[in-house]
Amino acid sequence: MFRLATMLAIVTGTAGFVLAVLAWKSFERSPFGRGLAILVPFMATFTTYHALLLVVPDLPLVILAVESLAFVLVVVFVGFMVRLHYRRLRAPRREVSG
């Protein structure tokens with residue numbers, strides 16, 4: 001079951017990496033695109049990490065804690081980038097005087 005879950009994580013991570021690269025190329029010139037440019041190496045790193053799990057299944061607790069922290073940081077980063085993108089899309093509200 002461990003190997004199946006790890007293989008699924010590798011396939012999902014690879015798909016996430018490819019989609020992150022495609023999204024980055026689509027939004028390359030926006031602040032959201034710059035954020036995606038930072039996210040692409042994270043996805044590649046996580047995919048490599050899960051591939052290492054197949055080779056060395058028993059990792060020390062410290063490495064697992066660092067992995068959990070990295071996932072939390074990615075979630076915070078993505079949330080920040082979505083918030084930034086929506087803030088830039090929102091048109092300023094101006095009253096029309098007439």
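Among the listed residues 86, 49, which satisfies the condition of being exposed (fewer than 12 other Cβ atoms within 10 Å of the Cβ) and among the aromatic types (Phe, Trp, Tyr)? Full working, then the answer.
Numbers: 49 fails: exposed (fewer than 12 other Cβ atoms within 10 Å of the Cβ).
None of the other options fit; the residue is 86.
Out of the residues in segment 11-20 meeting the condition of being modelled with pLDDT of 80 or more and of a type outside the set (Gly, Ala, Ser), tell me which one is nearest to residue 84 (Cα to Cα).
That would be 19.
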- prompt: In segment 20-51, which residues are touching a residue at least 12 places away in the same chain (Cβ under 8 Å) and among the small types (Gly, Ala, Ser)?
  reply: 20, 23, 30, 35, 37, 44, 51
task: Inspect all residues belonging to segment 72-86 and state whether any of them is outside any helix (DSSP H, G or I) and either closer than 25 Å to residue 5 by Cβ or among the hydrophobic types (A, V, I, L, M, F, W, C) (or both).
output: no
message: Under 9 Å between Cβ atoms, which residue pairs at least 6 apart in sequence (or on different chains) link something in segment 52-70 that is outside any helix (DSSP H, G or I) with a partner that is of a type in the set (Ser, Thr, Tyr)?
response: 57/6
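The values are calculated or read from the model by the stated rules, or taken from the named source; none is laboratory data. Everything quoted here is computed from the prediction, not taken from an experiment. Every residue, glycine as well, gets a Cβ built from its backbone with ideal geometry; the counts of neighbours run over all protein chains shown.
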